Amino acid sequence: MIKLPKQRVYLVDGARTPFLKARSGPGPFTPVDLSVQCGRPLLARQKFDRKALDLVILGCVNVIADEMNPARVAALRLGLGEQMVAFTMQINCGSGMQSIDTAYRYIRDGSHQMILAGGAEALSHSPLVLRNSAVEWFGKMNAAKGPLDQARAMAGIKPEFFKPVIGLERGLTDPITELNMGQTAEVLAHRFNIDREMADTYAMQSHHRLASAQKDGTLDDEVLPAFDRDGTVYDHDDGVRPDSDMEGLAKLKPVFEKPYGKVTAGNSSQITDGASWVILASQQAVDEHGLEPIAEIKDSEWAALDPSIMGLGPVMSASPIVQRHGLTLDDINLWELNEAFAAQLLACLAAWEDDDFCRELLGMDKAFGRIDRERLNVDGGAISLGHPVGTSGNRIVLHLANAMKKRGAKRGIATECIGGGLGGAMLLEAV
Ligand SMILES: CC(=O)SCCNC(=O)CCNC(=O)[C@H](O)C(C)(C)COP(=O)(O)OP(=O)(O)OC[C@H]1O[C@@H](n2cnc3c(N)ncnc32)[C@H](O)[C@@H]1OP(=O)(O)O
């Protein structure tokens, strides 16, 4: 058997679009448009020739019909040439991290030197799935020959045809448990006693942190403006509410469990469009092209758990990484834990502090420990900037690398929960 050399893998640069809140209709950009919008300026600022890239991988949950394999469509629109191999990955909210992990493993194992790995999602363009009777009716309409046939087919129209089976909830219901993602957060709020005040306090902090990062220029290299065909410029994450306060948050009614639930529009991640790319390179590519890495990727882990408590995916995936490196939670200087819901994130923190949970699910003899809140999601997260599901995993790795560099942090973990009962985590180290 051929044994390939293990190479060190570096994150050398990355960028994303602003995250744009999905409003009533389709937003200005499709997943590929978003990928091209941030991919073009990202590649333009590199020293290396585009031909030095070996592969393009893109995570995307809701692929749209005229952009099948969006990775390849984006690669061609980015001018990466007909020879560029490009594939798309789907593992729900883990898609954008899975693209980085796959790139990391290819480079580490020696088969590739430099890979463009991204995530793209336009939730405002999510396909509407119609019931079979409606699809049959559209088929008859299409096949109708002549006005009489058409009139006959038209007469069969029913109002129910216009009610999608999967519609504006955008595929956010788990098919096995039939729980909406928000309901899984309610399960965790109940299990770990997360009350409304705790969830709202966390949500308010997310908005304040993002607002301050936007103001002080922290995101300037990371978030590149996007331009639509009318010349409108989109230059910031537009879901942020800098003036968010406890009074306003407290007025919101629970959305997923009425009337006593804890999860509201204010303490949930937002439905958003956005894309993100990172460039990963081997030591050889770094030396050859004179690149300046931001961080080194040291390890990754995927975990599976009961879909109804999928929100604990970060605990199940990040813990084994910390353990196998002989570290404690306190040795991790920065955390990016995707804010699917405030209650879900707080439940993860509570689980790590819970003797019973750590015994039962992590096989430890007591609680793992406490994560310092000042090291967690330091510049906001999906509650304030939104959660384009196929993109977020990519964004949190990119932002973790940038935040580690800015703050001189030695180690960081990016981790997220994944609908369907999975979790993903990556360990980064300063270079
Ligand atoms: C594995 C995983 O990652 S699972 C997670 C996957 N993602 C999800 O499940 C998405 C979860 N989020 C959602 O489904 C949606 O955001 C919902 C259903 C919770 C809310 O949807 P919407 O009602 O469209 O939310 P919207 O952001 O428009 O807020 C509704 C109202 O709440 C109020 N509101 C929202 N945030 C705040 C806030 N911080 N302060 C005060 N009021 C607020 C506003 O009044 C707003 O209406 P307005 O802006 O028109 O005045």
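Hey, does the range 116-130 have a residue that's out of contact with any Ser or Thr (no Cβ under 6 Å at 6 or more places or on another chain), exposed (fewer than 12 other Cβ atoms within 10 Å of the Cβ) and either touching a residue at least 40 places away in the same chain (Cβ under 8 Å) or not basic (Lys, Arg) (or both)? Among the residues of the range 116-130, not one is out of contact with any Ser or Thr (no Cβ under 6 Å at 6 or more places or on another chain), exposed (fewer than 12 other Cβ atoms within 10 Å of the Cβ) and either touching a residue at least 40 places away in the same chain (Cβ under 8 Å) or not basic (Lys, Arg) (or both), which makes the answer no.
Which residue, of Tyr234, Tyr202, is within 16 Å of the ligand (Cβ to nearest atom) and either closer than 22 Å to Ala275 by Cβ or of a type in the set (Ser, Thr, Tyr) (or both)? Full working, then the answer.
On the way: Tyr234 fails: within 16 Å of the ligand (Cβ to nearest atom).
Of the residues listed, the single one that is within 16 Å of the ligand (Cβ to nearest atom) and either closer than 22 Å to Ala275 by Cβ or of a type in the set (Ser, Thr, Tyr) (or both) is Tyr202.
Is it true that some residue in the range 356-373 is crowded, with 24+ Cβ neighbours inside 10 Å and under 25 Å from the mean Cα position of the chain (by Cα)? No, there is no match, as no residue in the range 356-373 is crowded, with 24+ Cβ neighbours inside 10 Å and under 25 Å from the mean Cα position of the chain (by Cα). Within this structure, Ser206 passes the test of being of a type in the set (Ser, Thr, Tyr) and touching an Asp or Glu at 6+ places or on another chain (Cβ under 7 Å).
Quick check on Arg77: is it over 20 Å from the mean Cα position of the chain (by Cα), without any contact (Cβ under 8 Å) to a residue 60 or more places away in the chain and farther than 22 Å from Cys417 by Cβ? Yes.
From the list Gly290, Gly386, Gly363, Gly380, which one is in contact (Cβ under 8 Å) with a residue 60 or more places away in the chain, more than 13 Å from the ligand (Cβ to nearest atom) and at positive phi? Please lay out each step first, then the result.
Numbers: Gly386 fails: more than 13 Å from the ligand (Cβ to nearest atom); Gly363 fails: in contact (Cβ under 8 Å) with a residue 60 or more places away in the chain; Gly380 fails: more than 13 Å from the ligand (Cβ to nearest atom).
Within the list Gly290, Gly386, Gly363, Gly380, the selection yields Gly290.
Just one of the listed residues (Gly419, Gly423) is within 16 Å of the ligand (Cβ to nearest atom) and either open to solvent by 10 Å² or more (accessible area, probe 1.4 Å) or closer than 23 Å to Ala265 by Cα (or both), and it is Gly419.
One residue stands out among those in the range 246-262 that are more than 7 Å from the ligand (Cβ to nearest atom) and open to solvent by less than 70 Å² (accessible area, probe 1.4 Å): the one that is nearest to the chain's Cα centre (by Cα), which is Phe256. Of all the criteria given as (1) under 24 Å from Asn62 (Cβ atoms); (2) acidic (Asp, Glu); (3) open to solvent by 10 Å² or more (accessible area, probe 1.4 Å), the one not satisfied by Glu429 is (1). For Ala211, the conditions (1) away from the ligand (no atom under 13 Å from the Cβ); (2) in contact (Cβ under 8 Å) with a residue 60 or more places away in the chain are fulfilled apart from (1). Among the residues of the range 70-129, those identified as at pLDDT 95 or above and β-branched (Val, Ile, Thr) are Val73, Val85, Thr88, Ile91, Ile100, Thr102, Ile107, Ile115.
Close Cβ contacts (under 9 Å, 6 or more residues apart or on different chains) running from residues in the range 21-32 that are in a loop (DSSP other than H, G, I, E, B) to residues that are among the basic types (Lys, Arg) comprise Ala22/Arg170; Gly27/Lys21; Pro28/Arg229.
Considered as a group, the residues in the range 265-279 that are within 7 Å of the ligand (Cβ to nearest atom) and among the hydroxyl-bearing types (Ser, Thr, Tyr) include one that is surrounded by the fewest Cβ atoms within 10 Å (Cβ to Cβ), and that residue is Ser268.
Can you say whether Asp238 is modelled with pLDDT of 95 or more and touching a strand residue (DSSP E or B) at 6+ places or on another chain (Cβ under 6 Å), as far as the supplied structure shows?
Details: modelled with pLDDT of 95 or more: yes; touching a strand residue (DSSP E or B) at 6+ places or on another chain (Cβ under 6 Å): yes.
Yes: the conditions hold for Asp238.
Residue-level check: of (1) β-branched (Val, Ile, Thr); (2) more than 13 Å from the ligand (Cβ to nearest atom); (3) out of contact with any Ser or Thr (no Cβ under 9 Å at 6 or more places or on another chain), Val223 misses just (3).
Scan the range 34-74 residue by residue and report those that are touching a residue at least 40 places away in the same chain (Cβ under 8 Å), buried (at least 18 other Cβ atoms within 10 Å of the Cβ) and among the charged types (D, E, K, R). Hit for the range 34-74 is Asp54, nothing else.
Look through the range 293-303, keep the residues that are part of a strand (DSSP E or B) and more than 16 Å from the ligand (Cβ to nearest atom), and return whichever of them is most open to solvent (accessible area, probe 1.4 Å). Outline the logic, then answer.
Step one: filter the range 293-303 for residues part of a strand (DSSP E or B), giving 295-303.
Among the residues that remain, those that are also more than 16 Å from the ligand (Cβ to nearest atom) are: 295-301.
Working: Ala295: 0, Glu296: 14, Ile297: 5, Lys298: 63, Asp299: 21, Ser300: 6, Glu301: 43 Å².
So the residue we want is Lys298.
Cβ-Cβ contacts under 6 Å between residues 6 or more apart (or on different chains), taken from a first residue in the range 248-275 that is within 30 Å of Val36 (Cβ to Cβ) to a second residue that is near the ligand (Cβ under 9 Å from one of its atoms) and open to solvent by 60 Å² or more (accessible area, probe 1.4 Å), are listed as Gln270/Lys21; Thr272/Lys21. In summary, Asp306 fulfils each of the numbered conditions (1) open to solvent by 30 Å² or more (accessible area, probe 1.4 Å); (2) away from the ligand (no atom under 16 Å from the Cβ) with the single exception of condition (2). Within the range 149-199, if we keep just the residues that are surrounded by fewer than 21 Cβ atoms within 10 Å (Cβ to Cβ) and among the acidic types (Asp, Glu), the residue that is farthest from the ligand (Cβ to nearest atom) turns out to be Asp149.
The values are calculated or read from the model by the stated rules, or taken from the named source; none is laboratory data. Here the structure is a predicted model, which is why all the values come from computation and not from measurement. Here Cβ is always computed from backbone atoms with ideal geometry, including for glycine, and neighbour counts include all displayed protein chains. Keep in mind that these areas ignore ligands, DNA and RNA; they rest on the heavy atoms of the full protein, side chains included. Shrake-Rupley method; radii C 1.70, N 1.55, O 1.52, S 1.80 Å.
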